[in-house]
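Taking it in order: structure first as structure tokens, then the write-up.
The values are calculated or read from the model by the stated rules, or taken from the named source; none is laboratory data. Everything numeric here is computed off the predicted structure, so don't read it as measured data. Here the Cβ positions follow ideal geometry from the backbone for every residue, glycine too, while neighbour counts run over all protein chains shown.
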Amino acid sequence: MVPLEFRYGPACSAMGCGRPALYKVAASWSDGASWELKNYGLACEEHRMSQLARGQLHRQGLVLADGEVVGQVGLFVLRTDTRDSKLDRLPDHDA
Ligand SMILES: [Zn+2]
């Protein structure tokens, strides 16, 4: 039995796209005690760079509370069957 979200994966966050998302735009976030990925959107192959740029803009506008640490926004290979902490960050997009 396959859960619904595995068969109908999440869609790209770009306006008017709607293609299946292959990447998650995210930055590592920590409050000092735990960490997670702060999600900035989802992207298909075509929109991954524009969604990344959009996420980086959001990141720049972020105001951090005391003790909060947020890493650079990056692209992660989206996997619906894997926890965020296990997602693979793409190595080749840092510009
Ligand atoms: Zn797209």
Check: Do we find a residue being surrounded by 14 or more Cβ atoms within 10 Å (Cβ to Cβ), under 19 Å from Ala21 (Cβ atoms), within 10 Å of the chain's Cα centre (by Cα) and modelled with pLDDT under 90 anywhere in the stretch 88-95?
Finding: yes
Next item on the list: For Leu42, indicate whether it is in contact with a Pro (Cβ under 6 Å, 6 or more places away or on another chain), within 16 Å of the ligand (Cβ to nearest atom) and touching a residue at least 12 places away in the same chain (Cβ under 8 Å).
Entry: yes
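Among the candidates Arg48, Arg19, single out the residue that is out of contact with any Phe, Trp or Tyr (no Cβ under 6 Å at 6 or more places or on another chain) and within 16 Å of the ligand (Cβ to nearest atom). If you could, list the steps in order and put the result at the bottom.
Working: Arg48 fails: out of contact with any Phe, Trp or Tyr (no Cβ under 6 Å at 6 or more places or on another chain).
Matching residue, one of Arg48, Arg19: Arg19.
Tell me, yes or no, whether the stretch 51-64 has at least one residue that is in contact with a Cys (Cβ under 8 Å, 6 or more places away or on another chain), more than 22 Å from Arg83 (Cα to Cα), modelled with pLDDT of 95 or more and within 16 Å of the ligand (Cβ to nearest atom).
no
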Check: Do any residues in the stretch 8-23 that are without any contact (Cβ under 8 Å) to a residue 24 or more places away in the chain have Cβ atoms under 6 Å from those of residues that are near the ligand (Cβ under 9 Å from one of its atoms) and not β-branched (Val, Ile, Thr), where the two are at least six apart or on different chains, and which pairs are they?
Finding: Gly18/Ala11
Checklist line | Residue list for the stretch 17-52, restricted to those being within 13 Å of the chain's Cα centre (by Cα), among the aliphatic types (A, V, I, L, M) and outside any strand (DSSP E or B) | finding: Ala21, Leu22, Met49, Leu52
